[in-house]
Structures are given as structure tokens and as C-alpha cells.
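Undergrad: Following this message is one structure expressed as C-alpha cells.
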Amino acid sequence: MPIYEESGLRITLPDEHSFRLQDCSSYVNLKGNNLSEMDFGWWDSTNDTLSLLEIKDYSHLTPLERLPDHLLEKLINKVTDSVMILASVWSGTLQGQNFYRELPVSCQVFPTHPKKIKVFFIFKISDEIKIKQELTDIRDKLKNKMLGRLMLFDITNLVLVDHETAIKFMGMIATV
């Protein structure tokens with residue numbers, strides 16, 4: 001299983017079923033064109049689920065600091081752009097065909113019913129209650145602003161949690 005380090009967390013993903021769009025030459029060629037991506041993607045054959053994961057490190061924030069104001073927009077763009085990249089693969093566009101060759105076979109076709117897509121955001125934060133509350137607010141705003149886009153792809157799971165919660169419940173994540 002490949003092990004990655006991202007934002008002070010160690011991530012273990014399934015062999016041959018995981019990808020990083022940032023590592024795809026197709027993404028590198030488009031990156032300067034106002035396109036963003038989620039950190040990781042993988043196919044979970046046990047649950048018939050395609051998962052997308054973004055990790056952010058805000059553990060450096062002091063109790064008086066807030067999460068950045070532009071954060072919500074960045075997260076929306078990451079989900080939207082990543083799903084659009086995958087949609088280009090699934091629909092066979094010219095750019096999509098380039099990505100197709102770089103993705104695991106398990107991720108090259110749209111995960112149709114009863115298969116599903118899940119989106120995860122994990123924030124490494126200090127143990128401040130205030131910042132944890134901000135995460136809840138951001139999650140609620142994100143779900144509200146993304147609702148229509150998520151519905152287009154039958155995405156019912158959008159999870160935004162702090163790293164300690166993720167470590168407890170996701171198993172594939174550990175601190176470095």
C-alpha cells in the first residue's frame with residue numbers, strides 16, 4: 001500500500017487503486033489554467049466507492065487566529081475541478097483521454113449505482129474549541145453551497161473533520 005505524507009499526516013491508500021491528480025502529467029500541463037485538485041483519490045472496492053481527499057494543515061494557527069476567509073472558495077474549487085477532471089475522463093473528451101491513461105483502471109469509469117462518490121476534507125488543527133467550531137461552520141456552508149453540484153454526480157457524502165477525528169474513524173491516517 002502506498003504511504004504518503006501530506007500536511008503533517010501519513011496517509012495509507014490502496015495499492016493500484018489510488019491516484020494523485022497533481023502527479024498526472026495531464027494535470028501538470030493544465031495547472032496554470034486556473035485548475036485545482038484534491039490531494040488524493042482512490043477506489044474502495046469493498047464499499048464500491050470512489051473517494052476524494054483534501055488535507056489542510058492549520059495547526060500553526062494561534063487561538064486568536066481564524067481559518068482564512070478564502071478557504072470556502074478554495075474547497076469548492078477543489079471539489080468542482082476534481083470532479084470535472086474525472087467527468088472529462090468518464091465522457092472521453094480529448095483532455096479526459098490523457099487523464100484516462102494515468103488513472104487506475106478502477107477509476108476510469110463513472111461509479112454507477114449502487115456505487116458512490118465520497119468527498120473528504122481533513123484539517124490538521126490545534127486543539128482549540130474555537131477552530132473546531134469554525135470547521136463545523138465551514139462544513140455546513142460548504143455543503144449548502146455545493147448541494148446542486150454534488151447532486152449532479154450523486155455525491156451524498158461530504159465530510160469535513162479535524163485530523164484527530166479522522167485518525168479515530170478512518171484508520172488510514174496517522175500523524176507524522
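Undergrad: Could you grab the pairs with beta carbons closer than 7 Å, sequence gap of 6+ or different chains, first residue in region 107-128 and surrounded by fewer than 18 Cβ atoms within 10 Å (Cβ to Cβ), second one assigned to a loop (DSSP other than H, G, I, E, B) and of a type outside the set (Phe, Trp, Tyr)?
TA: From region 107-128, the pairs are PRO114/ASP48; LYS115/ASP48; SER126/SER59; SER126/LEU61; GLU128/PRO63.
Undergrad: Small (Gly, Ala, Ser) and closer than 26 Å to THR12 by Cα: is that true of GLY92 in this structure? Even if it seems obvious, please write down each step before you answer.
TA: Working: small (Gly, Ala, Ser): yes; closer than 26 Å to THR12 by Cα: no.
It is false that GLY92 is small (Gly, Ala, Ser) and closer than 26 Å to THR12 by Cα.
Undergrad: Looking at VAL79, is it in a loop (DSSP other than H, G, I, E, B), modelled with pLDDT of 90 or more and not aromatic (Phe, Trp, Tyr)? Show your work before the answer.
TA: On the way: in a loop (DSSP other than H, G, I, E, B): no; modelled with pLDDT of 90 or more: yes; not aromatic (Phe, Trp, Tyr): yes.
Answer is no for this residue.
Undergrad: In addition: Could you tell me how many of the residues in region 18-46 are closer than 20 Å to VAL79 by Cβ, in contact (Cβ under 8 Å) with a residue 40 or more places away in the chain and assigned to a loop (DSSP other than H, G, I, E, B)?
TA: Total satisfying the criteria: 5.
Undergrad: Residues that are under 25 Å from ASP44 (Cβ atoms), touching a Ser or Thr at 6+ places or on another chain (Cβ under 8 Å) and at pLDDT below 90: does region 89-112 have at least one?
TA: For region 89-112, residues under 25 Å from ASP44 (Cβ atoms), touching a Ser or Thr at 6+ places or on another chain (Cβ under 8 Å) and at pLDDT below 90: present.
Undergrad: Tell me yes or no: at least one residue of region 57-76 is loosely packed, with under 12 Cβ neighbours inside 10 Å and small (Gly, Ala, Ser).
TA: No - not one qualifying residue is present in region 57-76.
Undergrad: Only residues that are more than 21 Å from LEU86 (Cα to Cα), at pLDDT 80 or above and either of a type in the set (Ser, Thr, Tyr) or part of a loop (DSSP other than H, G, I, E, B) (or both): list them for region 1-15, please. Lay out the reasoning, then the answer.
TA: Going residue by residue through region 1-15, those that are more than 21 Å from LEU86 (Cα to Cα) are 1-12.
Add one more test, that the residue is at pLDDT 80 or above, and what stays is 3-12.
Once the filter is applied, which keeps residues that are more than 21 Å from LEU86 (Cα to Cα), at pLDDT 80 or above and either of a type in the set (Ser, Thr, Tyr) or part of a loop (DSSP other than H, G, I, E, B) (or both), region 1-15 yields TYR4, SER7, GLY8, THR12.
Undergrad: While we're here: Considering region 47-75 alone, what residues qualify as being of a type in the set (A, V, I, L, M, F, W, C) and assigned to a helix (DSSP H, G or I)? Let's see the steps before the verdict.
TA: Narrowing region 47-75 to residues of a type in the set (A, V, I, L, M, F, W, C): 50, 52-53, 55, 61, 64, 67, 71-72, 75.
Scanning region 47-75 gives LEU71, LEU72, LEU75.
Per-residue answers, yes or no, for (1) of a type in the set (A, V, I, L, M); (2) more than 23 Å from ILE155 (Cα to Cα):
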position: PRO68; (1), (2): no, yes
position: LEU71; (1), (2): yes, no
position: GLY92; (1), (2): no, no
position: VAL105; (1), (2): yes, no
position: PRO114; (1), (2): no, no
position: THR136; (1), (2): no, no
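Undergrad: Take the conditions surrounded by fewer than 17 Cβ atoms within 10 Å (Cβ to Cβ) and modelled with pLDDT of 90 or more and apply them to SER18. Does it pass? Lay out the reasoning, then the answer.
TA: Details: surrounded by fewer than 17 Cβ atoms within 10 Å (Cβ to Cβ): no; modelled with pLDDT of 90 or more: yes.
Judged against the criteria, SER18 is not a match.
The values are calculated or read from the model by the stated rules, or taken from the named source; none is laboratory data. Everything numeric in this text was worked out from a predicted model, so none of it was measured. Backbone-built Cβ (ideal geometry, glycine too); neighbour counts: all protein chains shown.
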